[in-house]
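What follows is a short report on a single structure.
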Amino acid sequence: MTWLAEWLKEIIFVVLLAAFIDLLLPNRSMERYVKLVISLLILLTLIAPVMRLFAPDAERQLEMAFMDSADSAGQQSAGTDTEEILRQGEQMRMKREQEAIQWASEEAAKRMKDQIERATGQPVDRVVVRVDAAEDDAEPSISSIDVYMSPKEREQELSRKDDQKEASPGTSSRIAIAPVEPVSIEVNPQEREAVGAEDTAIAAASGESSGREGGTAGGIIGLAPESDSGYGHEGANPLSRQIADILSRGWGIPAEVVHVVLQEDAK
Amino acid sequence: MEMIQIVGLGLIATILILTIKEQKPMFAFLIAVATGIMIFMYLAGKIGGIIEVLEQLAESSGVQMIYLKTILKIIGIAYIAEFGAQIVRDAGQESIASKIELAGKILIMVLAIPIISIIIETVMKMLPA
């Protein structure tokens with residue numbers, strides 16, 4: 001029943017408006033023309049329900065047509081045009097900035113890779129640098145660095161450490177992590193990064209011994225408990241810490257944002 | 001009070017024009033134009049108030065704004081065409097005045113075209129092909 005009320009309201013309003021306009025008209029010479037248009041509007045209102053049935057997009061069409069006629073008259077469209085141009089300019093600026101940031105991060109990643117390889121002698125698979133564009137025109141800053149070490153020699157170590165772990169169970173933390181094992185390897189980088197960051201924070205806060213710390217860090221980063229135990233013993237942590245050290249000294253960034261990921265090949 | 005002001009302005013302008021008309025008909029015309037514009041501008045604010053109320057009514061009753069916009073455009077065209085035509089007529093150019101009125105009429109008709117086309121389209125859809 002609401003549509004009936006709406007419809008009646010519309011009709012009443014338009015008819016009232018028409019009477020009002022009739023009074024407002026300046027002289028009789030325009031009268032016939034104005035009356036034609038107003039009667040058409042009233043007719044449109046009267047057949048609105050039928051129109052909705054037969055031509056559901058008629059209202060939109062009407063609006064478009066009116067917009068077109070207003071544009072062709074073309075007076076008040078100047079302001080919107082300026083706004084449009086300004087908006088486009090802003091968009092282009094953002095795009096350019098983003099491109100620049102992307103280029104910069106790629107370049108930085110390349111340099112970092114070289115640097116790490118030279119300093120540690122370990123092959124680096126790739127370095128991913130995330131640069132955040134800061135708001136209000138401040139300098140963009142590096143928000144995180146992921147260093148992915150190449151899997152090569154890790155594999156043998158991995159298997160070796162597996163055996164070792166079978167023989168002698170590790171610390172309680174390792175045991176706690178163990179059931180998660182099947183998840184490993186195919187996790188997407190975001191998750192990995194998030195977990196890694198959390199872990200680093202925890203480790204730093206509790207100030208544990210370096211060996212233990214390495215164990216946890218390695219485990220989370222590698223995302224496979226076996227490798228975690230392995231690196232914990234063998235000292236993958238010194239490596240990642242060394243890398244973090246190099247990067248933070250060479251690039252002036254806090255060591256917390258550096259995540260070292262020790263990759264394994266899928267078995 | 002406002003009415004008195006407007007009538008006073010009109011009377012003063014009329015007297016000025018009557019006195020000056022013999023010597024300088026050009027200035028008489030300019031005074032007439034200026035007075036007309038002044039009164040028109042003065043009324044523009046009042047018309048703005050009326051339009052605001054109408055818009056509020058339309059919004060609260062849920063009528064499509066496009067109807068109101070169309071009608072307001074019609075009034076605007078009618079008033080401006082009328083104003084211009086009368087000034088020109090005062091200056092004695094009857095033919096130009098009628099051309100201005102013609103332009104006003106045609107522009108009003110242009111506003112009707114989308115409405116007509118939509119109605120005809122709907123009717124054509126309703127009829128069996």
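The values are calculated or read from the model by the stated rules, or taken from the named source; none is laboratory data. Values in this document were obtained by computation on a predicted structure and should not be read as measured data. When we count neighbours, we look across all protein chains shown, and the Cβ atoms used for this are built from the backbone with ideal geometry, even at glycine. Just the protein is used for accessible areas: all its heavy atoms, side chains included, with ligands, DNA and RNA removed. Shrake-Rupley method; radii C 1.70, N 1.55, O 1.52, S 1.80 Å.
So here's what we get for this one:
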| item | result |
| --- | --- |
| Count - residues of region B:32-68 that are within 18 Å of A:Ala19 (Cβ to Cβ) and not hydrophobic (A, V, I, L, M, F, W, C) | 3 |
| Residues that are open to solvent by less than 30 Å² (accessible area, probe 1.4 Å) and in contact with a Leu (Cβ under 8 Å, 6 or more places away or on another chain), drawn from region A:15-37 | A:Leu17, A:Ala18, A:Val34, A:Val37 |
| Among the candidates B:Leu102, B:Leu107, residue that is open to solvent by 80 Å² or more (accessible area, probe 1.4 Å) and at the interface with chain A (Cβ under 9 Å from one of its Cβ atoms) | B:Leu107 |
| Residue match in region B:74-85 (condition: facing chain A (nearest Cβ under 9 Å), over 30 Å from A:Thr45 (Cβ atoms), in contact with a helix residue (DSSP H, G or I) (Cβ under 9 Å, 6 or more places away or on another chain) and modelled with pLDDT of 90 or more) | yes |
| Residue in region A:1-11 that is surrounded by the fewest Cβ atoms within 10 Å (Cβ to Cβ), counting only those that are more than 8 Å from every other protein chain (Cβ to nearest Cβ) and not hydroxyl-bearing (Ser, Thr, Tyr) | A:Met1 |
| Whichever residue in region B:86-99 is within 11 Å of another protein chain (Cβ to nearest Cβ) and modelled with pLDDT of 90 or more and, among such residues, is surrounded by the fewest Cβ atoms within 10 Å (Cβ to Cβ) | B:Ser98 |
